[in-house]
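Novice: I'd like to ask you about the structure that follows.
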Ligand SMILES: C[S@@+](CC[C@H](N)C(=O)[O-])C[C@H]1O[C@@H](n2cnc3c(N)ncnc32)[C@H](O)[C@@H]1O
């Protein structure tokens with residue numbers, strides 16, 4: 001069990017929900033050490049990219065990978081045998097050279113016996129305009145499982161089919177609808193707006209990920225009452241996604257200010273006051289009438 005010294009329960013479960021949430025101001029080395037083996041169903045996180053953001057000190061790539069590998073090993077220890085780890089990363093940039101972090105971190109997972117199920121491409125519309133290379137408009141999520149007996153349910157994350165009325169035109173099922181009535185598999189390329197200035201979820205954190213990105217992972221890889229962990233929680237986006245769907249959520253961050261915001265957002269969520277972008281909302285397209293909505 002977590003030590004009370006490190007973990008502070010900040011919110012009791014809302015009425016009708018059994019899952020609690022804890023957002024802690026702590027270094028994840030201490031936080032993870034306080035968690036029991038096999039106690040998490042999903043670890044979902046976006047670690048620092050070692051690019052000199054305000055919350056990280058830039059270090060040689062080898063040291064960064066060593067440090068990440070230690071954190072990953074601890075995450076694997078606390079993961080349930082049927083659990084998943086989703087490591088959301090972009091690029092490290094070294095003297096103008098791009099180093100995709102999913103490539104350099106891949107071995108850290110497989111060395112621990114994890115199996116890659118998908119490399120999800122998260123595509124978004126906004127970012128820096130590069131002059132000496134093409135502007136980067138995607139990052140990735142490495143989805144690993146601990147064993148082959150992992151939890152995965154496609155139905156809650158299906159998206160509308162392109163041709164919902166499509167029917168078999170020959171064979172024994174001729175005339176019957178050929179697609180799944182619940183919609184289609186969302187595939188491994190997800191177009192979801194990133195959290196920039198005009199996004200409803202924007203806080204003062206420089207690189208939040210959108211809640212809807214994590215919702216898909218929570219809904220497909222966990223069951224109600226399971227526990228979701230984010231060891232680099234920032235302003236608590238993963239915890240919000242978990243709590244929205246009746247999962248317990250744990251997270252920590254080393255920056256006090258981010259933890260305060262995470263706790264405030266969680267309180268607002270429970271009060272029904274937190275604005276998050278809806279999972280199925282179409283992306284605004286200024287070239288279409290009404291933005292395509
Ligand atoms: C890319 S941001 C994550 C943002 C988060 N996904 C969100 O939506 O707010 C990485 C976070 O890791 C935190 N961090 C860096 N080193 C840490 C450590 N050793 N333990 C806990 N948090 C750490 C940083 O303060 C930063 O908020």
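Novice: Please list, short to long, the whole-number percent of alpha-carbon pairs of segment 13-148 in consecutive 10 angstrom bins beginning at zero.
Specialist: Here the calculated profile for segment 13-148 is 10, 37, 34, 15, 3, 0.
Novice: Just to be sure I understand the model, the point goes 7 Å from the Cα along the line to the Cβ. What's the resulting residue 20 to residue 202 distance in nm?
Specialist: 3.6
Novice: Calculate how steeply helix 256-270 sits against the longest principal axis of the alpha-carbon atoms of the chain, using the helix alpha-carbon long axis, and give the answer as 0 to 90 degrees to the nearest 10.
Specialist: Its long axis makes an angle of about 40 degrees.
Novice: Take the chain, connect every pair of alpha-carbon atoms lying under 10 Å apart with a spring to form a Gaussian network, then pick out the residue of 57, 238, 84 with the largest mean-square fluctuation.
Specialist: Greatest mean-square fluctuation among the candidates belongs to 57.
Novice: Hey, with R₀ at 25 Å, roughly what FRET efficiency would residue 107 and residue 56 work out to, going by the Cβ-Cβ distance, to 0.05?
Specialist: That pair, residue 107 with residue 56, gives E of 0.70.
Novice: Would you calculate a helix-derived [θ] at 222 nm for the chain, using -39,500 (n - 2.57) for each DSSP H run of n ≥ 4 and dividing by the full residue count, to the nearest 500?
Specialist: Helix-only estimate at 222 nm: -7000 deg cm²/dmol.
Novice: Considering the chain as a Gaussian network with a 10 Å cut-off on Cα pairs, which listed residue, 254, 283, 157, attains the greatest mean-square fluctuation?
Specialist: Between 254, 283, 157, it is 283 that shows the largest mean-square fluctuation.
Novice: Right, next: Looking at segment 144-226, what % of the alpha carbon pairs are farther apart than 17 Å?
Specialist: 65
Novice: I've got another one for you. Most mobile of 189, 89, 121 per a Gaussian network model of the chain (Cα springs, under 10 Å)?
Specialist: 189
Novice: How would you rank 264-272, 203-211, highest first, on the average number of other Cβ atoms within 10 Å across their residues?
Specialist: For the peptides 264-272, 203-211, the packing ranking is 203-211, 264-272.
Novice: Exposure proxy check: 74, 97, 139 ranked by fewest other beta carbons within 10 Å?
Specialist: 97, 74, 139
Novice: Where does helix 101-110 land angle-wise versus the long Cα axis of the chain, in degrees 0 to 90, nearest 10?
Specialist: The angle comes out at about 80 degrees.
Novice: Oh, and also: To the nearest 10 degrees, how steep is helix 211-221 against the longest Cα principal axis of the chain, on a 0 to 90 scale?
Specialist: Its long axis makes an angle of about 80 degrees.
Novice: Over the Cα atoms of the chain, compute the convex hull volume and normalise it per residue, giving Å³.
Specialist: 172
Novice: If you don't mind, there's one more thing I want to ask. Does segment 148-293 come out rounded, prolate or oblate, given a ≥ b ≥ c as the square roots of the eigenvalues of its C-alpha gyration tensor, rounded meaning a/c under 1.5 and, failing that, prolate meaning a/b above b/c?
Specialist: oblate
Novice: Here is a follow-up. Sorted from fewest to most neighbouring beta carbons within 10 Å, what does the list 169, 109 look like?
Specialist: Listed from fewest to most nearby Cβ atoms, that is 169, 109.
Novice: Please report the spacing between the Cα centers of segment 207-266 and segment 171-189 in Å, no decimals.
Specialist: 33
Novice: Turning to a different aspect of this structure: Arrange 116, 142, 79 by Cβ neighbour counts within 10 Å, fewest through most, would you?
Specialist: The most exposed by this proxy come first: 116, 142, 79.
Any read-out appearing in this document is the output of simple, stated calculations on the displayed coordinates, not a laboratory observation. In this text, all values refer to a predicted model and were calculated from it rather than measured experimentally. For neighbour counting, all protein chains shown are included, and Cβ atoms are generated from backbone atoms with ideal geometry for every residue, glycine included.
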